[in-house]
Amino acid sequence: MKPYTEMTREELAEEIKTLRAEYTRYQNMGLELNMMRGKPCKEQLDLSMGMMDALSSTADLTCEDGTDCRNYGVLGGIREARVLIGDMMENNPDDILIFGNSSLNVMFDTVSRAYTHGIMGNTPWCRLDKVRWLCPVPGYDRHFKITEYFGIEMIPVPTSETGPDMDMIERLVSEDPAIKGIWCVPKYSNPTGYSYSDETVRRFARLKPAAPDFRIFWDNAYGMHHLYDDKQDYLIEILAECKRAGNPDLVYKFASTSKITFPGSGIAAMATSPNNMEDIKSTLRYQTIGHDKVNQLRHVRFFKDIHGMTEHMRKHANILRPKFEAVEQILEENLGGLNIGSWTKPRGGYFISFDTMTGCAKEVVARCKKAGVQMTAAGATWPYGKDPYDTNIRIAPSYPPIDDLKKATKLFTLCVRLVSAEHLYAQSEKSAEKAEASAE
C-alpha cells in the first residue's frame, strides 16, 4: 500500500472511510482484552508449580550451615540462596543481599533510606533544597513513580539501541551535585527491549559524579529473559567494571525471580559493594530480623543450581517467543511501509516499544480502549506520565492467550492507521485553508 504520508487528501478521505467501517466492526465484537502490564500468563506460572512440592511438612528446613529456616535471623539471606541468586546476577554471593518478593519494594526502600538518613554519612536528601534524578526515556513507569512520590525532580534522558545518551549523562552528573541517581534497565530494557552496549556500561562505570552520594540504580530485571537460544544479548557485569574503574560504590544492582517463578512470591535481591552493603545493613536491621528464609530455601530446592534455572527460563521462552513473533508479524503486515509508526524487535524481556507519528499515541490508546482492548496509558513511559511528543506506546505480549493477542494486535494496528490517517488529513486540511487564505 502507498505510504500514508504520500497520499492525497482524497486518498486519505477514502482510507478513513474504509478504516472507520472496520473499526465499527471491531467495536461490535464485544472484545474485553488486556495488554496493560507485562504479567506472566497462566502457562508460565504453571511452570513453577513444582515449587509447591519442593518443601513439605516432613522436609528438613535446615541449611547447610545449620540455620533453621523456620526461625528468626540471617539478615542478608541464607547462603544457598545467595549462591543461586549470585549466579543469576553474575555476582559473588558475599556481595548479595536477599530481600522479600519484590525488587520494586527494595528500590523504594533504598530511595527512602537515602531520603531520610542519607547514604554513607552524606546529608539526607530530605534536608536538601533540591534533589534531581536522571530518567532514560522511554522507561519503566514504576521507577518514575518512586522518584515522583519523594518529590524528586526527574530529568528525561533520550535512549537509543545502545542505551541512554552517555554524553548528556556524563555532563549532567559531573556538573550538578543535586543529581543523586539514575534509573537503568540495562538488559532487554523496559519498554524498548534494547540492551546497553559494552561502551555504555564502561562509561557508566567511569562516571565522575559531583555528588558523593550519587548512585546508579541498575535494575537488571530481565537478565535471564531471553527469547532465543541462538540470539541473546550479553551485558558487561557492572559491579566488576566499577571496581576496575576505581568506583566500587557507584552502583546498586537489583534483580528478582518475579518473572522466573511466581511474581507474587518470588525473592528479590541487591548486589553492591561491601561499603554500600554495610551502610544498608546499618538501617535494614531496624526494619527486619530477616526475610522469608523458607521461600528462599524453596527456590534453592526447586532449581538446585543455576543450570536448573537456565533450563526453566528456556521453558518460559518457548511460551513467550511465539507471542512476540506474532505481534511483530502483524505489525509488519499491517503497518510496514506506511510511514506512520516504528517498533522495536527485542531478543528478550517483556515488551515491544511502539512509536506513532507525533501527537497520535494517546488517541491510539483511547481508540483501542473504546473497542475493548486495554493498553498501558500513552505517556506512562515518561516521567510524570507526560510524553512531550505523544508518540510512545508500550506493547505487552505476555499475558493474553495467543489468539486474543492476535486480535488485540490487529485492532491496535487498525487504530494506528485510523488515527494516523485522520491526523494527516487534518494537517492537509489546515494547509489547504492556509493556502486559500494566502491566495485571498
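Quick rundown of the values:
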item: Residue check, R367 touching a residue at least 60 places away in the same chain (Cβ under 8 Å), out of contact with any Asp or Glu (no Cβ under 7 Å at 6 or more places or on another chain) and not in a helix (DSSP H, G or I); result: no
item: Residue that is nearest to G86 (Cα to Cα), among those in segment 230-266 that are among the small types (G, A, S) and either part of a loop (DSSP other than H, G, I, E, B) or free of Cβ contacts under 8 Å to residues at least 40 places away in the same chain (or both); result: A240
item: Qualifying residue in segment 303-317 (condition: free of Cβ contacts under 8 Å to residues at least 24 places away in the same chain and hydroxyl-bearing (S, T, Y)); result: no
item: Matching residues, segment 348-376, being aliphatic (A, V, I, L, M) and buried (at least 18 other Cβ atoms within 10 Å of the Cβ); result: I352, M357, A361, V364, V365, A371, V373, M375
item: Residues of segment 1-55 that turn out to be in a loop (DSSP other than H, G, I, E, B) and β-branched (V, I, T), as a count; result: 1
item: Residue that is farthest from S353 (Cα to Cα) [pool: residues in segment 56-87 that are open to solvent by 70 Å² or more (accessible area, probe 1.4 Å) and outside any loop (DSSP other than H, G, I, E, B)]; result: R79
item: Unmet requirement for Y425, which otherwise passes all of (1) open to solvent by 10 Å² or more (accessible area, probe 1.4 Å); (2) more than 25 Å from Y26 (Cβ to Cβ); result: (2)
item: Scan of segment 31-49 for residues that are out of contact with any helix residue (DSSP H, G or I) (no Cβ under 6 Å at 6 or more places or on another chain) and more than 28 Å from C368 (Cα to Cα), ordered by number; result: D46, S48, M49
item: From K386, K345, residue being open to solvent by 40 Å² or more (accessible area, probe 1.4 Å), at pLDDT 95 or above, under 17 Å from Y228 (Cβ atoms) and not polar (S, T, N, Q); result: K345
item: Per-region count, segment 272-318, residues open to solvent by less than 40 Å² (accessible area, probe 1.4 Å), hydrophobic (A, V, I, L, M, F, W, C) and either in a loop (DSSP other than H, G, I, E, B) or within 30 Å of P401 (Cβ to Cβ) (or both); result: 4
item: Listing of helices (runs of 4 or more DSSP H) fully contained in segment 137-222 that carry 3 or more residues being under 11 Å from the mean Cα position of the chain (by Cα) and modelled with pLDDT of 95 or more; result: 141-149
item: Boolean, T159 is hydroxyl-bearing (S, T, Y), touching an Asp or Glu at 6+ places or on another chain (Cβ under 9 Å) and surrounded by 15 or more Cβ atoms within 10 Å (Cβ to Cβ); result: yes
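Residues are listed down the side, and each one gets a yes or a no for (1) over 30 Å from Y425 (Cβ atoms); (2) among the aliphatic types (A, V, I, L, M); (3) at pLDDT 95 or above:
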{"position": "Y23", "(1), (2), (3)": "no, no, yes"}
{"position": "G38", "(1), (2), (3)": "yes, no, no"}
{"position": "L47", "(1), (2), (3)": "yes, yes, yes"}
{"position": "L55", "(1), (2), (3)": "yes, yes, yes"}
{"position": "T58", "(1), (2), (3)": "yes, no, yes"}
{"position": "C63", "(1), (2), (3)": "yes, no, yes"}
{"position": "T67", "(1), (2), (3)": "yes, no, yes"}
{"position": "Y72", "(1), (2), (3)": "yes, no, yes"}
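The values are calculated or read from the model by the stated rules, or taken from the named source; none is laboratory data. Since this is a predicted model, take the numbers as computed values, not measurements. A quick note on method: Cβ atoms are made from the backbone with ideal geometry, for glycine too, and the neighbour counts reach across all protein chains shown. To get the accessible areas, we keep the full protein, side chains included, count just its heavy atoms, and leave off ligands, DNA and RNA. Shrake-Rupley method; radii C 1.70, N 1.55, O 1.52, S 1.80 Å.
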